[in-house]
Structures are given as structure tokens and as C-alpha cells.
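*Asks:* Please see the structure below; I have some questions.
The values are calculated or read from the model by the stated rules, or taken from the named source; none is laboratory data. All values derive from a computational prediction rather than experimental measurement. Heads up, the Cβs are rebuilt from the backbone with ideal geometry, glycines too, and the neighbour counts pull from every protein chain shown. Side chains included, ligands, DNA and RNA excluded: accessible areas come from the protein's heavy atoms. Shrake-Rupley method; radii C 1.70, N 1.55, O 1.52, S 1.80 Å.
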Amino acid sequence: QYSYVVVAWQVCYAVMQPVAGFVLDAIGTKIGFAVFAFAPSAACACAALASGWQSMPFFRGLLGLTEAAGIPAGVKATTEWFPARERSVAIGWFNIGSSIGALCAPPLVVWAILHAGWQWAFVIVGVLGAAWTLLWMVFYKHPRDQKLLSDGERDYILAGQEAKHQDSGAKASWREIVRNRNFWSIAIPRFLSEPAWQTFNAWIPLYMATERHMDLKEIAAFAWLPFLAADIGCVLGGYLSPFVHRHFNVSLFGSRKWVMAFGSLCMIAPGCIGLVASPYTAIFLLCIGGFAHQTLSGALYAITSDVFGKHEVATATGLAGMSGYLGATLFTLVFGVVVTRVGYSPMFVVLAVFDVLAAIVVWTLVRDGGPRAPSTTAAPAIAEPR
């Protein structure tokens with residue numbers, strides 16, 4: 001039953017990601033993300049109305065439909081605001097948000113259960129999301145329009161972006177993106193790697209309760225630690241790319257692939273979770289897994305921003321995201337059945353193997369370049385933002 005609730009969110013999120021990415025590329029980052037930020041806030045708060053596990057999938061599916069623009073919008077905004085050599089660091093910092101949310105969730109839910117009722121966990125998150133949407137509308141501007149930037153800062157940002165993020169060429173179609181080799185070099189690894197993060201997000205508290213026999217207070221005390229490690233992975237992974245680029249005579253693009261390989265190898269740690277008896281050692285291995293996944297995930301987002309232009313990066317991110325969440329959905333359906341029969345340990349081994357395969361696919365397929373639709377008119381060096 002729990003896997004059905006999780007799958008409802010994953011399926012809706014997967015289906016909506018390419019649509020959200022297309023809308024963002026069509027109408028621009030500011031307005032597009034504002035719409036997609038307010039809607040999931042309302043949907044999340046409405047989950048408090050669920051009366052049982054049968055109605056909860058409806059509200060979680062509604063949340064998946066509305067919040068699917070989060071990652072495509074984050075990648076698009078980062079692409080607008082940061083030159084190529086700083087982009088992996090910026091993506092690491094924005095990608096930390098999902099880990100912070102997962103870090104805050106266990107103590108928030110336990111507090112709500114003990115003091116007010118589980119419904120308040122959804123309401124609080126919905127209110128916070130609505131407040132964030134207001135701040136986004138007030139403060140977000142493209143660097144060309146941000147008056148708080150000096151001319152030197154603005155020129156530094158725009159001059160450091162690749163030509164495909166500067167020109168005003170026509171946007172590539174979905175068909176052109178999907179037929180490109182680089183798309184599959186990202187979509188296949190997302191299909192293989194996303195199940196790990198969704199398993200961590202959805203199953204760690206249940207794993208601690210059923211497999212390691214921890215009570216509610218112990219779960220509140222320890223379930224957030226893997227997501228703290230994931231935060232560190234987001235940030236450190238972002239800095240690893242320029243570090244490898246500077247110190248190991250590797251191209252900037254090549255450094256992204258090395259970081260992804262490093263993260264995938266670290267995922268072997270949670271694959272060994274069935275070999276340890278102590279619940280605290282198991283949590284430590286899950287921490288390494290959280291760190292590992294967000295390190296490789298940030299590298300994969302940076303590669304996406306490197307190989308797709310400004311008019312297609314959100315669409316490509318959304319399409320690849322759909323691939324990732326379809327993989328997560330299939331894995332969750334299997335996970336929900338298998339853990340009741342053979343336990344969690346074999347599934348963590350599978351997740352480790354998947355991430356190693358994802359890194360191999362990236363190394364084999366990706367090339368430094370993406371689909372470029374022909375420009376219909378002569379464009380200036382720096383195009384007007386959408």
C-alpha cells in the first residue's frame with residue numbers, strides 16, 4: 001500500500017516533467033517557475049484532507065503533477081546566472097534544497113504527530129512554499145535585468161557562458177532533442193540512478209522501523225542524517241569538478257564525468273548494508289549513499305547544462321527527468337513486493353549496481369555538444385532573455 005502511494009507521486013511527476021520543461025523554455029524562468037511553485041504548495045497542503053491510504057495517492061499524484069518543474073527550472077536558472085566554469089558549484093548549491101527538505105521532514109513529521117496531528121506537516125510545508133513563491137516573484141530577474149549587478153559582474157556572467165547560451169537561435173523540438181545522442185547519455189543514467197534517491201527519500205524511515213526495529217523517537221533522531229550527508233555531497237560534488245579541472249589536467253567537461261564516476265563508486269557502500277549488524281553502522285552506510293547520489297546527480301545536471309542550449313535545457317532536463325522517475329516508479333513497484341519477501345539488502349545491492357552502470361553509460365555516450373536548432377535571424381552576441 002505504501003509503495004502505491006509513492007508510485008502515484010512518481011508517475012505524475014515523471015509524466016509532467018517534460019511538459020513543465022517545455023513550458024519553462026517557452027514562457028521563461030520567472031513566470032513559469034512561479035506558477036509551478038505555488039501550485040504544489042497548495043497541493044501539498046491539500047494532502048491534509050486525505051482520509052486513508054486510498055485517498056492519499058490522489059493528493060500525492062496531484063503534488064507530483066504540480067511540482068515537476070522544480071529541477072528543470074533550477075537547472076535553467078543556474079544556466080542563466082552562472083558561467084560554465086562555475087555552474088557545477090551553483091548546481092550543487094541549488095540541488096542541496098531537495099536534501100535539506102528530506103533532512104527536515106523526519107523531525108517535522110514526528111513533531112506534528114506528537115503535538116498536532118500528521119496533517120500539520122503537509123500544511124506547514126504548503127505555507128512555506130507559498131511564501132517562497134512570493135519571494136521568487138519579487139527578487140528573481142535575469143542577470144541582464146538585475147539592477148543590483150555592476151556592469152562588470154553582468155559582463156562576467158554573460159561572457160563566461162557558452163555560445164549556445166548566448167545566441168537567440170530557434171528552440172530545438174522535442175523530436176530533435178530525443179533523437180540526439182547526448183540526450184540518451186543523460187536519460188539512461190537518470191533512469192538508472194534516480195531509483196536510489198527515491199528509495200532513500202521514501203523508504204529510509206520505514207527501513208529503520210521494520211528492519212532495524214527503531215522506535216519513532218530514534219527515527220526522528222537518525223533518519224535525517226543521510227540527507228545531511230546528501231547536502232554535503234551536493235556542495236562538495238559541485239566544487240570537485242573545478243578542482244579536478246584545475247589540478248588533474250582534465251577538461252571542464254571531462255571533470256564532470258570524473259565526479260560522476262566518483263559518486264557512483266561511493267554508492268557501493270549502501271550496497272553492503274546487509275553485511276552489518278549494527279543499526280548505527282547501517283545509518284552510516286546510508287549516509288555515504290546519500291553523499292554519493294547527490295554528488296553524481298549534481299554532475300549529471302551540470303553535464304545537461306553543458307550540452308544543451310538555453311532554449312532547450314529545461315526541456316531536455318524535463319525529458320531526462322521523466323526517464324529517471326519512470327525508472328524510480330518501476331523500481332518502487334518491485335521494491336514494495338520484494339522487501340516483504342526477501343528484505344531490503346538485495347535491493348540496496350541493485351541500486352549500487354545501477355549507479356555504476358549509469359556512470360559507464362555517461363563515459364561511453366556523452367559528447368561535448370548538443371542539438372542546435374538553426375537560427376532564423378542574425379543574432380547579437382548576447383540575446384535578450386525570455
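*Asks:* Mind listing whichever residues of segment 253-270 are open to solvent by less than 10 Å² (accessible area, probe 1.4 Å), closer than 29 Å to Pro346 by Cβ and of a type outside the set (Gly, Ala, Ser)?
*Replies:* Val259, Met260, Met267, Pro270 - these are the residues of segment 253-270 that are open to solvent by less than 10 Å² (accessible area, probe 1.4 Å), closer than 29 Å to Pro346 by Cβ and of a type outside the set (Gly, Ala, Ser).
*Asks:* Does Val259 fit the bill of being in a helix (DSSP H, G or I), out of contact with any strand residue (DSSP E or B) (no Cβ under 9 Å at 6 or more places or on another chain) and either of a type in the set (Val, Ile, Thr) or under 21 Å from Met208 (Cα atoms) (or both)? Walk me through how you get there before you give the answer.
*Replies:* Working: in a helix (DSSP H, G or I): yes; out of contact with any strand residue (DSSP E or B) (no Cβ under 9 Å at 6 or more places or on another chain): yes; either of a type in the set (Val, Ile, Thr) or under 21 Å from Met208 (Cα atoms) (or both): yes.
For Val259, the condition - in a helix (DSSP H, G or I), out of contact with any strand residue (DSSP E or B) (no Cβ under 9 Å at 6 or more places or on another chain) and either of a type in the set (Val, Ile, Thr) or under 21 Å from Met208 (Cα atoms) (or both) - is met.
*Asks:* Sort out for me the helices (runs of 4 or more DSSP H) sitting completely within segment 169-230 that have 3 or more residues that are open to solvent by 20 Å² or more (accessible area, probe 1.4 Å) and farther than 23 Å from Leu351 by Cα. Reasoning before the result, please.
*Replies:* Values: elements: 174-178, 181-210, 216-222.
Of the helices (runs of 4 or more DSSP H) lying wholly inside segment 169-230, those with at least 3 residues that are open to solvent by 20 Å² or more (accessible area, probe 1.4 Å) and farther than 23 Å from Leu351 by Cα span 174-178, 216-222.
*Asks:* Anything in segment 72-93 that is modelled with pLDDT under 85 and open to solvent by 30 Å² or more (accessible area, probe 1.4 Å)? List them, or say none.
*Replies:* Arg85
*Asks:* How about segment 243-302: which of its residues are under 19 Å from the mean Cα position of the chain (by Cα) and farther than 21 Å from Ala90 by Cβ?
*Replies:* Matches in segment 243-302: Ala261, Ser264, Cys266, Met267, Leu286, Cys287, Ile288, Gly289.
*Asks:* Only helices (runs of 4 or more DSSP H) wholly contained in segment 25-99 count here; list those with 2 or more residues that are aromatic (Phe, Trp, Tyr). If you could, list the steps in order and put the result at the bottom.
*Replies:* Values: elements: 29-46, 56-67, 70-81.
The qualifying helices (runs of 4 or more DSSP H) are 29-46, 56-67.
*Asks:* Out of all the residues in segment 126-140, which are open to solvent by less than 70 Å² (accessible area, probe 1.4 Å) and touching a residue at least 40 places away in the same chain (Cβ under 8 Å)? I'd like the intermediate steps shown before the answer.
*Replies:* Let us first name the residues in segment 126-140 that are open to solvent by less than 70 Å² (accessible area, probe 1.4 Å), namely 126, 129-131, 133, 136, 140.
If the condition is that a residue be open to solvent by less than 70 Å² (accessible area, probe 1.4 Å) and touching a residue at least 40 places away in the same chain (Cβ under 8 Å), then Gly126, Gly129, Ala130, Thr133, Trp136, Tyr140 are the ones that fit.
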